Amino acid sequence: MNINSFGQKLENDKKINKIFTQAEIVTLNKILIHFDNYLIDKTNIQKVDSAYHQFSEDLKYTESIEKLWKKICEDEETNDRFLNLIKGNQSIDELWTVLYITEDNGTLNYALQPNRDGKYMKLLNYLARKNKYLKDYKNGILVMGTIPPSLAFEFPRIHDFLDFNDEAVRLLVAIHYITLKTYIEK
């Protein structure tokens, strides 16, 4: 099942409208719809909030960060297609900064980092005010400058405390996992 209209409520959220421009909200909806569809397909659960919970539950008891990363990156092709679709979009600069990495063999790769100076942090601040677990997550990103392995490993464990009926929360989760995919895909 593909979602095309569900998740289109970001533009109805007053705080989202204060943080992002309408053009940025269009891009954010694309990110949200992409990730909603990805999780529905991956979990085979049609109810979006349940798909997010099941995805998180499936990651929750992973024994190591290496195994967690392997599970997150099972579907590289889907992620690559999506990243190519949004690459070069100025709205993305508000969410991520790009870290370019030269491999030992001379290959140039990249990883996305949360943009601590962009609107991503405003979104995270907004959501963290309502949720102590997201406040801890935000503080970890501020201290480390990125999503460190400890946050990546602990993030699935907080899903019971997240309202996945809230599009802004789902957007944050989508940004989290898309970011992690770029760390380890290359």
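Bear in mind that the values in this text are calculations on the coordinates, not laboratory data. From a predicted model like this one, the values you see are computed outputs, not experimental measurements. All Cβ positions, glycine included, derive from the backbone under ideal geometry; neighbour counts span all protein chains shown.
Of note:
- Cross-link pairs beyond the 32 Å C-alpha cut-off, checked among Lys30/Lys132; Lys18/Lys60; Lys47/Lys122; Lys70/Lys132: Lys18/Lys60
- Under the Karplus curve 6.51 cos²θ - 1.76 cosθ + 1.60, θ = phi - 60°, whole-Hz ³J(HN,Hα) for the range 146-153, x wherever Gly or Pro sits: 7, 8, x, x, 5, 5, 4, 6
- Size estimate for the range 10-184 follows the Kirkwood approach: the inverse of mean 1/r over distinct Cα pairs works out to 16.5 Å.
- Gaussian network model of the chain, springs between alpha carbon atoms under 10 Å - residue of Arg129, Arg116, Arg170 with greatest fluctuation: Arg129
- Amide H partners (placed H, <5 Å) of Tyr110, local residues excluded: Ile101
- Mean Kyte hydropathy of -1.0 or more with a Cα span along the axis of at least 20 Å, helices from DSSP in the chain: 22-43, 167-184
- Packing-based order for 92-105, 19-32, using average beta carbon neighbours within 10 Å, highest first: 19-32, 92-105
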